[in-house]
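What follows is a set of notes on a single structure, which appears directly below.
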Amino acid sequence: MKLQEEFEGLFGNKPDLISQAPGRVNLIGEHIDYNNGLVLPFAIDSVARCAIRVRNDSKIRLASKQITGPLIECEISRLSEKNEPLWTRYILGVLWSLKINSGIEILVDSNVPQGAGLSSSAALECSVAYVLNEAFSLGLSGKELALSAQRAENEFVGVPCGIMDQMISILGKAGHALLIDCLDLTTKLVPVKFDSNNLKLMVIDTQAHHALVDGGYAKRRAQCEQVANIFGLSSLRELSMSNLQTKSGELEQELFARARHVVSEIERVKNAESALVRDDFKAFGELLDQSHNSLRDDYGVSCPELDCAVEVARAEGALGARMIGGGFGGSAIALVKDGDTGRIASAIERGFAKNNFKTPRFFDAVASEGARLVDGSN
């Protein structure tokens, strides 16, 4: 059933507006956004959609095509009590962050795989933020909407994520990655010409558990802040590798490794942008490999499934491969020649079966548009 028709069936009226916002693949720059560094994501063609109708009272009514059960209902004045199911907090948090004081009806739908490291939560938040900005004529810029969505996830949901996912979901452009400076939120479009060079970016969803609310993500962030404090810096963005090395004997080994990942990853992002601009995909692939090794060894956020996917892809001829997202499960990416996708996917499936892992899923990632209003008739 079309989203507009489903909304009308649930709420008895047509929606005022429908928006969509995409998930993302971060090409390189993992666990860097909350360190005020540089990241290089692009928006994908999997999206969350949000249909809304403004009410003339203070009642909030929510439904999701992915969740069975009765409508969720609450009062706008009682959002801060957070008594509703976890999935609703990503929506209610945006209402809270944008200070919406009117009742509203919302139906959401998403085909962004959950738990796969493709930022399904930011896609949901940003689709809601974008449509609320239009419905209430808030006049907020894309950056302001991204910051509002991030605040919802940080303060309302309780996940201390950085700004990258929300920025790319709002500001993504087809055919481009977005170089984001997470210190001042300046951005630069970077062409991504994989298709025209007979290359594909394969996403390998390991189907291993991935939930940033588990605490591993928050621990890494706290460790980075601890090292920055030791050096008297506001963030690890200001730390050079040579300065880090001066305290290699004083820092705990784990803290040193965490900081080394951040400092080296920021440099890899700079080099990756340069490689993409000059269509040097061999160099770009090598940077993907280096990034995964650093995330695995220094940052400790990989897992056996991610390592297997990356190792098999590399052995089968991928130009480069690495885990993406927060880690502890989720997805990896591999840059492969167009004609090799089926063979490499089959090899990864065999590797997973040999290790008694869940069967992985595969799809191509294509740089796509960010948040926008859509016609609800499809």
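Overview of results
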quantity	calculated
Flag for Ser110 being over 21 Å from Asp16 (Cβ atoms) and either at pLDDT 95 or above or aromatic (Phe, Trp, Tyr) (or both)	no
Among (1) free of Cβ contacts under 8 Å to residues at least 40 places away in the same chain; (2) in contact with an Asp or Glu (Cβ under 9 Å, 6 or more places away or on another chain), the one test that Leu295 misses	(1)
Condition check for Ser196: open to solvent by less than 60 Å² (accessible area, probe 1.4 Å) and of a type in the set (S, T, N, Q)	no
Strands (runs of 3 or more DSSP E) lying entirely in the range 5-95 (those with 1 or more residues that are crowded, with 23+ Cβ neighbours inside 10 Å)	17-28, 38-54, 59-64
Sole exception among (1) part of a helix (DSSP H, G or I); (2) farther than 17 Å from Ile324 by Cα; (3) out of contact with any strand residue (DSSP E or B) (no Cβ under 9 Å at 6 or more places or on another chain); (4) touching a residue at least 12 places away in the same chain (Cβ under 8 Å) for Leu251, by number	(1)
Flag for Gly115 being within 21 Å of the chain's Cα centre (by Cα) and buried (at least 22 other Cβ atoms within 10 Å of the Cβ)	no
Near pairs, Cβ below 8 angstrom, 6+ apart or cross-chain, from the range 349-378 (more than 30 Å from Leu17 (Cβ to Cβ)) to any residue that is of a type in the set (Gly, Ala, Ser) and surrounded by fewer than 18 Cβ atoms within 10 Å (Cβ to Cβ)	Thr359/Ala353
Residues (within 24 Å of Asn35 (Cα to Cα) and either open to solvent by 80 Å² or more (accessible area, probe 1.4 Å) or among the basic types (Lys, Arg) (or both)) located in the range 168-188	Leu183, Asp184, Lys188
Residue in the range 210-218 that is hydroxyl-bearing (Ser, Thr, Tyr), farther than 30 Å from Phe281 by Cβ and not in a loop (DSSP other than H, G, I, E, B) present	yes
Given (1) of a type outside the set (A, V, I, L, M, F, W, C); (2) farther than 30 Å from Ile52 by Cα; (3) open to solvent by 10 Å² or more (accessible area, probe 1.4 Å), index of the condition Asp375 fails	(2)
Residues of the range 125-136 that turn out to be open to solvent by 30 Å² or more (accessible area, probe 1.4 Å) and either in contact with an Asp or Glu (Cβ under 7 Å, 6 or more places away or on another chain) or of a type in the set (A, V, I, L, M, F, W, C) (or both), as a count	2
Filter result (surrounded by fewer than 20 Cβ atoms within 10 Å (Cβ to Cβ) and touching a Pro at 6+ places or on another chain (Cβ under 9 Å)) within the range 253-278	Val277
Members of the range 199-212 that are among the polar types (S, T, N, Q) and either within 13 Å of the chain's Cα centre (by Cα) or open to solvent by 30 Å² or more (accessible area, probe 1.4 Å) (or both)	Gln207
Yes/no for Gly139 being outside any strand (DSSP E or B), open to solvent by 40 Å² or more (accessible area, probe 1.4 Å) and either modelled with pLDDT under 95 or not aliphatic (A, V, I, L, M) (or both)	yes
Residues that are part of a loop (DSSP other than H, G, I, E, B) and surrounded by fewer than 21 Cβ atoms within 10 Å (Cβ to Cβ), drawn from the range 96-108	Lys99, Ile100, Asn101, Ser102, Gly103
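For every residue, the table says whether it meets (1) assigned to a loop (DSSP other than H, G, I, E, B); (2) out of contact with any helix residue (DSSP H, G or I) (no Cβ under 8 Å at 6 or more places or on another chain); (3) of a type in the set (Lys, Arg).
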| site | (1), (2), (3) |
| --- | --- |
| Cys224 | no, no, no |
| Val227 | no, no, no |
| Arg258 | no, no, yes |
| Ser264 | no, no, no |
| Asn293 | no, yes, no |
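Matching residues to (1) in a helix (DSSP H, G or I); (2) buried (at least 18 other Cβ atoms within 10 Å of the Cβ):
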site: Gly285; (1), (2): yes, yes
site: Leu288; (1), (2): yes, yes
site: Leu306; (1), (2): yes, yes
site: Glu311; (1), (2): yes, no
site: Gly325; (1), (2): no, yes
site: Ala332; (1), (2): no, yes
site: Ala345; (1), (2): yes, yes
site: Glu369; (1), (2): no, no
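The values are calculated or read from the model by the stated rules, or taken from the named source; none is laboratory data. Because the structure is a prediction, the values reported are computed rather than measured. Counting neighbours? That spans all protein chains shown, and the Cβs are built from the backbone with ideal geometry, glycine included. Ligands, DNA and RNA are excluded from the accessible area calculation, which covers all protein heavy atoms including side chains. Shrake-Rupley method; radii C 1.70, N 1.55, O 1.52, S 1.80 Å.
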